[in-house]
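Encoded as structure tokens, the structure appears first; notes follow it.
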Amino acid sequence: MSTSAPTRILPQPTSHQLPPLVHPRIEVDTSRLRPTSSFEEEGSPMGAVGFELTVFGLEHVSPDSARDHLICILDELRNQYDFPPVNVCKGDASSTLDYAYITLSSSVASPRPDILEDLRIILNALPNIRAIWRVCNGPDCTRRIVFSFSTDSEAHSMLTLLREWFGARHFAIMAEQITHPPSGSQTRISFDLFQESDVEQVLRTPPFLRGRTLCPGRPRYIIPKYGGEVAIDGIAGIGNIEGLNHHIQREFGQDAIAYSRIELKDDVYCVIFKDWSTTQDFLKKTQHDLPAEWFMYGATVGKPTLLFSFNMQEGPPNPITRPASIESPVQVQFDAFRNEALQLISTLNAALNRISLAEERQERNSQKLTEMIMVQLLIGDLNSDLLSRENEVQRLTDRYDRCQEQLCSLPRSSSNTHQRLTSSMQDINERRQVVSKEVENLRSEVRAIRHKLLSDSQLTLPSSTSTGTPPSLIRQCSFSSEGDQHDAPRPFKDNSVMRYGLKSPSPVLG
């Protein structure tokens, strides 16, 4: 894709006094970027080569939304900070991306990376916004995953499967493309993701499709720490940062280097000079080759170039990855073993699920049996209380009948005895009414508990595909109708007590 999309110059004052030139201020960072695989980029360096910022975290609802969002941010920042006119450029003319580029206006005659560095620091202080020096020409490649295939047909057949694989894991895809590197016959599918964490997840757990593992790669790039940074590749094993710093300082001055580092498995030496004129002087004097005396054994290394241009070159393959379509015997055995392992894990998971369901059923049944036993014991206690109250009602009734018989047999002259018997009958009747009320309350309580016990007594039995439950267990979990036919003689005149099952607990459950 080309990045020659129309740029927009922000409305700013016609004149602007540039601040004094400031030498690079680089914070030393000992961390190294992970080695990455190569990837072809289209396009060529434009006018502001190596002096652009990429700003991420912008709105991405249309091809213009990221640029417009960044313009609004810069308009607000201009109310607090004073910086020269800048241009805002879309990441791509037709793609919906979450980033845009910033360059200084053409009114700023000489490269001023110090101004852009100050602006980069200001932008990084904003929430959800991240600004870096632009890595290379063309679309940003810092969140890109690459898969290599031996033929075009294979790549196109796997494209849909890869899309589905990313979608199933909710990895949002920002852009995708199929390319053909100039070297070799491989076809590459690249996916640009929105989240760096998703890229890391893909690298940790690569796709497993059509019975094999598709090994992902990443473009070979280094994020510049400052505009105009220089790179020298091919120094692995033959150069060291102290020695290279010493040679440069001896040739271009002790204060020539502002910052230096070694990246990509110690294969690339990166250096930031104190100013742009020193950078130009170094590139001009080393445009053919670095001095042979800088390295031992007459070794040859790559020519110095801007890091921005180095990131655009087709680098050597990443040693930790391989083309996904070239199956080594070890990889074939590994994929076969992985298939067997996945099948075994699936079988074990299914068995564990069945065991878990059986344990849950057993636990529920045990709880229900315990509850049934406790309810039966409670019913037994209530039956005992009810029996006691019914017997008391019967005794009071008998006493009342006897008093009534005595009262009827008394002569009319026995007024005192008549009064005493009448008072006793009244007391007996009042007590009988109280106890009768208690009997009715106990009957209602027992009926309610009995109804709940019958409604909750169904146990969860295994399905027809599970191991059969012994018949004895089913008999123990149900109520015997035969036991209801051999109850003890009912001592009450009102047989409704026994009709509602108010008897002593079952021999099995009790």
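With the cut-off at 1.5 for a/c, could you classify the stretch 173-230 from its C-alpha gyration tensor as rounded, prolate or oblate? Oblate shape, in that a/c is at least 1.5 and b/c is the bigger or equal ratio. Placing a pseudo-label 7 Å from each Cα along the Cα-to-Cβ vector at ASN441 and ASN240 gives an inter-label distance of 9.8 nm.
Counting only residues at least eight positions apart within a chain, or on another chain, the lysines with an alpha carbon under 24 Å from that of LYS90 are LYS225.
Averaged over its residues, the stretch 118-249 has an accessible area of 39 Å² per residue, based on protein heavy atoms and a 1.4 Å probe.
With all protein chains present, how much of the accessible area of the stretch 337-396 (probe radius 1.4 Å) comes from carbon and sulfur, to the nearest whole percent? Each step should come with its number before you reach the end.
Values: 2350 of 4090 Å².
Heavy-atom surface of the stretch 337-396 belonging to carbon and sulfur, 1.4 Å probe: 57 percent.
Counting only residues at least eight positions apart within a chain, or on another chain, the lysines with an alpha carbon under 16 Å from that of LYS303 are LYS284, LYS285.
Fully extending the segment from GLN17 to LEU126, taken as 0.36 nm per residue of separation minus the present Cα-Cα distance, adds 36.7 nm. Each residue, LEU352 and PHE208, gets one label point 7 Å from its Cα in the Cβ direction; the gap between the two is 1.5 nm.
The values are calculated or read from the model by the stated rules, or taken from the named source; none is laboratory data. Computed from a predicted model, the values in this text were never measured in an experiment. Glycine also receives a Cβ, built like all others from the backbone with ideal geometry; neighbour counts cover every protein chain displayed. For accessibility, only protein heavy atoms count, side chains too; no ligands or nucleic acids. Shrake-Rupley method; radii C 1.70, N 1.55, O 1.52, S 1.80 Å.
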